[in-house]
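Any read-out appearing in this document is the output of simple, stated calculations on the displayed coordinates, not a laboratory observation. Here the structure is a predicted model, which is why all the values come from computation and not from measurement.
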Amino acid sequence: MKTVVTIMAVWIAVVFIGSTFASPPGRNVEYAGGGAGKVIFDGRVHADQKIRCADCHPKIFTMKKESRMTMADHNANRFCFACHDGKRAFSAANNCAKCHKK
Ligand code: HEC
Ligand code: HEC
Ligand code: HEC
């Protein structure tokens, strides 16, 4: 119950400060993809995996769309690749097209 209240508080706060609310769990975050094809992070898909806000925020991602992910991050298990490491979820290697859509 406490968790639910906290989540609601975050949502309400975000709506009230009028930020663009393109965020998990029900929304998508879109990245241009640096020429490799745009990437859509689907909040619903991730929520359905029973991943909670605190699994990603604030340790892996802040609650602002600001992360710039480089090729080095792909290989060093930072940001998305903290999970997309071939153990918890599919890895970057050989799976480019699962994230990058041309
Ligand atoms: C699987 C990881 C993941 C989970 C779980 C997750 N988020 Fe996020 N969230 C992200 C990513 C990725 C971004 C974009 C951050 C970036 O690019 O730096 C983001 C961005 C946001 C933003 C900013 C959106 C914007 O457009 O500026 C808010 C607010 C947010 N998340 C709230 C939540 C809440 C509340 C929950 C739990 C109900 C949650 N997130 C769960 C990954 C996650
Ligand atoms: C907290 C762990 C975690 C983080 C962080 C995370 N993911 Fe995932 N993601 C998963 C899991 C678990 C799955 C489902 C298992 C699988 O497909 O290997 C998944 C599945 C996906 C899928 C497949 C969706 C489908 O329709 O099957 C895509 C695409 C994806 N993630 C992209 C991203 C992107 C882009 C980011 C960063 C912005 C990201 N993920 C960050 C855990 C994570
Ligand atoms: C789990 C999802 C995911 C997978 C798998 C993935 N990427 Fe990415 N990639 C991203 C995200 C998210 C970004 C950040 C895009 C942005 O900031 O516009 C990115 C950015 C990039 C960039 C731009 C880097 C820069 O410095 O601007 C390149 C190039 C790239 N990816 C290539 C690849 C290649 C090649 C593969 C396969 C070997 C791959 N990616 C696999 C999610 C993924």
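Before moving on, here are some points about what is shown:
- For region 20-101: rounded, prolate or oblate by the Cα gyration tensor [a/c cutoff 1.5]: rounded
- Sequence-distant residues sharing a close amide H with residue 38 (under 5 Å, placed H): 101
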